[in-house]
1. Which residues, taken from region 167-224, are free of Cβ contacts under 8 Å to residues at least 40 places away in the same chain, among the charged types (D, E, K, R) and in a helix (DSSP H, G or I)?
2. For residues in region 80-121 being farther than 25 Å from Ala53 by Cα and crowded, with 16+ Cβ neighbours inside 10 Å, which is farthest from the chain's Cα centre (by Cα)?
3. Working only within region 269-290, note down all residues that are over 10 Å from Val166 (Cβ atoms) and in contact with a Phe, Trp or Tyr (Cβ under 7 Å, 6 or more places away or on another chain).
4. Quick one: which residue in Arg87, Arg93 is outside any helix (DSSP H, G or I), outside the structural domain of Gly329 (by TED's automatic domain parsing), without any contact (Cβ under 8 Å) to a residue 60 or more places away in the chain and out of contact with any His (no Cβ under 9 Å at 6 or more places or on another chain)?
5. Can you find a residue in region 62-71 that is modelled with pLDDT under 80 and aromatic (Phe, Trp, Tyr)?
6. Filter region 247-281 down to the residues that are under 30 Å from Tyr340 (Cα atoms) and without any contact (Cβ under 8 Å) to a residue 24 or more places away in the chain and list them by number.
7. Looking only at region 282-314, which residues are assigned to a helix (DSSP H, G or I), in contact (Cβ under 8 Å) with a residue 40 or more places away in the chain and of a type in the set (A, V, I, L, M)?
8. If I filter region 288-313 down to residues being over 23 Å from the mean Cα position of the chain (by Cα) and hydroxyl-bearing (Ser, Thr, Tyr), which single residue comes out as surrounded by the most Cβ atoms within 10 Å (Cβ to Cβ)?
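The values are calculated or read from the model by the stated rules, or taken from the named source; none is laboratory data. Small disclaimer: the values here were computed from a predicted structure and weren't measured. Note that we place each Cβ from the backbone using ideal geometry, even for glycine, and neighbour counts take in every protein chain shown.
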Amino acid sequence: MATTALALEQVDWQVVALRARRRRQWTMTFLYAFLILASLPIIIPYLWLFTMAFSAKGGTSTFVLWRTLVILAPALLAFWLITMSVRDPAHRRWALISLLGITVLALAVFLGPHVHLQNWRFLWNPDFSQELKYSPTGAGDAQFPSVWTAFGNSLALALTQMALVVTSATLAGYYLSRFDFRGRENFLRSVLVLHAFPAMTLVIPIFLLMYWTGLLDTITGVVLVICTLELPFAIFIMKGFFDAVPWDIEMSAMTDGASRRQAFLYVVLPQVKVGMLAIGIFAFLRGWEEYVFVRTLLFDKQNWVMSLYLFYVAEDVMGVDYGIVTAVGVLYVLPSVVLYTFTQKYLTQMTIGGIKG
């Protein structure tokens, strides 16, 4: 015992702490380096899209992209060094503010003369649609609709689908989690099997079904199709969230005088709001980004959504003016970026409880 105490007294704890800090710094260095390198194949195409949207004047000039990379790469490295080496929060904050100011100044000096809004004229110029023509049947040209028509259709499709998926999946998930009925396990297996089928194999049957029901070339038909394809997975996810809510909480509320509906609305639903938000976000993104079924089921230009608008713009001017195509592309991805920006803290908190059979 005395030998152990003497050995502990002889340990230089400052040296041990210094080694631990250095080991942690090296570990974080390799981790950040790996994440940065792995992110480059994803970041560079989006950076190209953004820079071309504000700089291209026809052709495929990409010198603005390389200038942007030359400025942002050292700025990113400096940001990492500051966050890793500066320990005082006040000093770190001022260092990051100074870095941001220097980066913005460098971008303004070296890229300012080449930045313009000419590629974005489709947003406010009503005559822009007359400059573009598309051939719906391969013979003859038709005039483009307004981009705001396509944007509104996409928004209506995504929001309606999100509301239907969240409502249906929440009610179905609650019922599957709380009630035991004959064929329940088989129903759960069939839900997973339905989600396993590739959607492309259903294009022709769905087309014929929409034609027979009179829903072909309507936003309503596309909404119903996408909801049908999204619901199996959303129901299974919501069932997992309801499984994680103890039955005792709901029973206590009903014991205190609440009805089953009140217990569901005011006690259970707040416990699964993260799951509802998650499937709502995924449903919105699926509706906003859908291309295969809107390309198959929508024909009238007044029913176009943003994915169709981008497709026909790219078909009309690709190889002539990349600036317009990339500007439409930036507008197309903007709602997804905004949605992720404001909801990422909820998505990172999402955990799915144990799923009962």
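1. Those that are free of Cβ contacts under 8 Å to residues at least 40 places away in the same chain, among the charged types (D, E, K, R) and in a helix (DSSP H, G or I): Arg184, Arg189.
2. Checked region 80-121; the qualifying residue farthest from the chain's Cα centre (by Cα) is Ala95.
3. Selection gives Val272, Val274.
4. Result: Arg87 is the single residue among Arg87, Arg93 that is outside any helix (DSSP H, G or I), outside the structural domain of Gly329 (by TED's automatic domain parsing), without any contact (Cβ under 8 Å) to a residue 60 or more places away in the chain and out of contact with any His (no Cβ under 9 Å at 6 or more places or on another chain).
5. yes
6. Selection gives Leu265, Tyr266, Val267, Pro270, Lys273.
7. Of everything in region 282-314, those that are assigned to a helix (DSSP H, G or I), in contact (Cβ under 8 Å) with a residue 40 or more places away in the chain and of a type in the set (A, V, I, L, M) turn out to be Ala283, Leu285, Val292, Val294, Leu297, Met306, Leu308, Val313.
8. Only one residue tops the list, namely Tyr312.
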